[in-house]
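Below you'll find the structure, written out as structure tokens, and then a few comments.
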Ligand SMILES: [Zn+2]
């Protein structure tokens, strides 16, 4: 998957799949998602997951949101969740973003992946690569003839 396609998926995750508003400091939310994907599987250390989120109530809300976005799934309790293939793909993709502020600046001009058609297993089977996702470098690349 190209860097632009990876970025388009990252914007889609936060905006469409999770419904995050762009007001305030949305990157605080992006960073929490990245951190939580890195902490999976949660059954290995549920206390660290709760501590990263704040308390049991907010943990229940946030983990339910990640479940609704199909990033994690669980058996008996949401606090013991593990990553879905989509969640594992986003864990790897979000690790490549160097600057959340810069990422957020590109949010409103990014195309939607697949021209709005839903993602499928093919997306999560296509690794995001290892190149960092510096938005300014991508913009510079586009400006070159
Ligand atoms: Zn896709």
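Of everything listed in (1) assigned to a helix (DSSP H, G or I); (2) within 16 Å of the ligand (Cβ to nearest atom); (3) out of contact with any helix residue (DSSP H, G or I) (no Cβ under 6 Å at 6 or more places or on another chain), the single unmet condition for residue 9 is (3). Within the range 112-123, the set of residues being assigned to a helix (DSSP H, G or I) and near the ligand (Cβ under 8 Å from one of its atoms) comprises 113, 114, 122, 123.
Hey, does the range 101-111 have a residue that's within 16 Å of the ligand (Cβ to nearest atom), touching a residue at least 24 places away in the same chain (Cβ under 8 Å) and assigned to a loop (DSSP other than H, G, I, E, B)? Within the range 101-111, one or more residues are within 16 Å of the ligand (Cβ to nearest atom), touching a residue at least 24 places away in the same chain (Cβ under 8 Å) and assigned to a loop (DSSP other than H, G, I, E, B).
Residue count for the range 61-81 satisfying the condition of being over 22 Å from residue 25 (Cα atoms), touching a helix residue (DSSP H, G or I) at 6+ places or on another chain (Cβ under 7 Å) and outside any loop (DSSP other than H, G, I, E, B): 6. For the range 133-145, the tally of residues that are part of a loop (DSSP other than H, G, I, E, B) and either at pLDDT 85 or above or touching a helix residue (DSSP H, G or I) at 6+ places or on another chain (Cβ under 9 Å) (or both) stands at 2.
The values are calculated or read from the model by the stated rules, or taken from the named source; none is laboratory data. Since we're looking at a predicted model, the values are computed, not measured. Reconstructed Cβ throughout: ideal geometry from the backbone, glycine too, with neighbour counts over all protein chains shown.
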